[in-house]
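Reviewing the structure listed below.
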Amino acid sequence: MKHAHVIGAGISGVTTAYYLAEAGYSVTVYDEREYPAMATSYANGGQLSASNAETWNSWRNVGKGIKWLAKSDAPLKINPAPSLHKYGWFMQFLRAIPHRDANTVKTCEMALQAHDLYKAIADHTGVEFDRVEKGILHVYTDPKELENARQTNLLYKQAGLERWEVTREEVRDIEPALENPDIIGGFYNTQDYTGDIHKFTANLMDWLTQNRDVFFKQYKIEDLYDFMRIRPGITVLCAGVNSRTLSRDVGDTLPIYPVKGYSITVHNPGTAPWASLLDDTAKIVTARLGKDRLRIAGTAEFAGYNTDIKQARIRPLKQWARSMIPGIDLETVTPWAGLRPMTPDMMPIVRKSRVVPYLYYNTGHGHLGWTLSAYTAKHIVEIMQ
């Protein structure tokens with residue numbers, strides 16, 4: 001039997017292990033943590049969202065980012081400390097602006113295919129992950145943001161996403177828990193859905209170890225070259241923000257920067273939305289995870305590999321919740337922060353290494369790891385065949 005080594009037990013690594021096992025491989029999944037899905041795949045925004053596929057590469061977003069630099073509670077925060085890694089990444093980000101439309105369409109197409117793949121995996125394995133199929137509602141308080149959404153929607157239509165504009169009154173009809181007089185309208189689609197990424201990943205790993213020739217091993221890889229030298233077979237790097245460092249061991253540096261995101265999980269949230277929300281002005285999302293939990297997530301922080309939870313970044317999430325969802329109960333809240341593996345063009349890296357035989361990459365999904373990983377995992381295994 002052919003053997004494969006998967007480095008990383010987050011959503012991209014475990015879905016890769018699934019498709020490798022289905023293709024007839026024996027698989028060992030390695031992670032430095034004791035259990036799967038304990039890093040970025042632990043408490044993300046919860047959305048499987050083709051309607052959030054718009055890449056960030058635009059001069060409009062660059063302008064907003066500059067304005068936000070002086071605001072401590074802004075959706076984007078950049079640590080000004082000099083870093084060649086960070087500033088080199090930003091230069092590549094600017095060079096990707098001309099490709100924004102094409103990349104947005106491609107990302108949306110991948111997301112829509114991933115939607116079906118996750119459902120197929122769940123049907124095949126019986127994996128539970130608190131899936132809620134109530135669609136995703138984008139809401140707007142700024143006319144300029146709403147107009148930009150109309151233009152972006154033309155790209156989504158090219159990709160096959162059926163998303164339509166709704167009035168202020170229709171927003172309230174779709175989600176009665178949402179109450180804010182500043183909302184001027186929105187966009188809604190029913191193809192997107194939500195679910196608990198940690199439950200899905202951990203439960204799928206359990207299923208694989210019990211039903212397929214798949215093994216999980218806690219192991220910290222210090223040098224990728226040495227790791228591959230003594231382990232024959234295919235290696236797939238799915239190590240999130242650590243992928244850049246590990247790829248450098250073999251002379252194949254990946255353009256990934258760690259971008260911190262925050263979330264709060266609200267337990268017994270009271271009168272809270274069932275439809276998933278995305279506030280395009282505040283850059284905050286919500287996802288219902290079963291009847292007893294609501295996930296609220298947002299912000300992007302360029303601060304290196306620091307994962308400290310800062311109350312100054314958690315506070316805006318709570319303030320937003322109170323202003324938009326008056327009936328919410330925030331008495332019991334669990335905060336979290338994780339590092340998204342961002343590429344400058346916002347596109348995942350799904351390919352064979354250009355330097356080392358038998359090394360493949362499925363990494364760099366940024367803020368869309370949950371949304372895209374089922375597609376990219378299936379695709380990287382197809383590349384191997």
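Just so it is clear, none of the values below were taken in a lab; they were calculated from the coordinates. Model, not experiment: these values are computed from the prediction. Virtual Cβ from ideal backbone geometry, glycine too; neighbours counted across all protein chains shown.
Remark: spin-label model distance residue 81-residue 168 equals 4.5 nm, labels positioned 7 Å along the Cα→Cβ axis. Amide H contacts of residue 364: 240, 349, each under 5 Å away and 5 or more positions distant or on a separate chain (H built 1.01 Å from N in the peptide plane; Pro and chain starts excluded). Subtracting the Cα-Cα distance of residue 271 and residue 73 from 0.36 nm times their residue separation leaves 68.7 nm of extension gain.
Distance between the pseudo-spin-label points of residue 211 and residue 248 (7 Å out from Cα toward the beta carbon): 4.1 nm. Under a model in which nothing but the beta-carbon of Lys, Arg (+1) and Asp, Glu (-1) is charged, the chain shows a dipole of about 1040 debye around its Cα centre. What separates the Cα centres of segment 159-174 and segment 175-217 is a distance of 21 Å. Mark the label point 7 Å from the Cα of residue 3 along Cα→Cβ and return the residues of segment 206-223 whose backbone N is within less than 14 Å of it. Of the residues in segment 206-223, 213-217 have backbone N under 14 Å from the label point off residue 3.
The ellipsoid that matches the Cα gyration tensor of segment 174-326 has semi-axes, each √(5λ) in whole angstrom, of 38, 21, 14, with the longest given first. Translational diffusion of the chain, estimated by Stokes-Einstein from the Kirkwood radius over alpha carbon pairs at 10 °C in a medium of 1.306 mPa s, is 75 µm² per second. Here is the size of segment 1-124 from its Cα atoms: Rg then Dmax, 18.7, 57 Å.
Roughly how many whole Å is it from the C-alpha centroid of segment 70-146 to that of segment 280-322? About 14 Å separates the Cα centre of segment 70-146 from the one of segment 280-322.
Give, in nm to one decimal, the length gained when the segment between residue 334 and residue 60 is fully stretched (0.36 nm per residue of separation minus the Cα-Cα distance).
Result for the pair: 95.3 nm of gain on full extension.
Cross-linked pairs 2/220; 2/260; 77/134; 106/283; 310/378: Cα-Cα separations exceed 27 Å for 2/260; 77/134; 310/378.
Computed about the Cα centre, the dipole magnitude for segment 94-183 is approximately 520 debye when only Lys and Arg (+1) and Asp and Glu (-1) carry charge, each at its Cβ. With a Förster radius of 25 Å applied to the beta-carbon distance between residue 119 and residue 33, the computed FRET efficiency rounds to 0.35. Sorting the segments 194-204, 346-356, 18-28 by their mean number of nearby beta carbons within 10 angstrom, highest to lowest, gives 194-204, 18-28, 346-356. Descending by average beta-carbon neighbour count within 10 Å, the peptides 205-218, 42-55 line up as 42-55, 205-218, the highest first.
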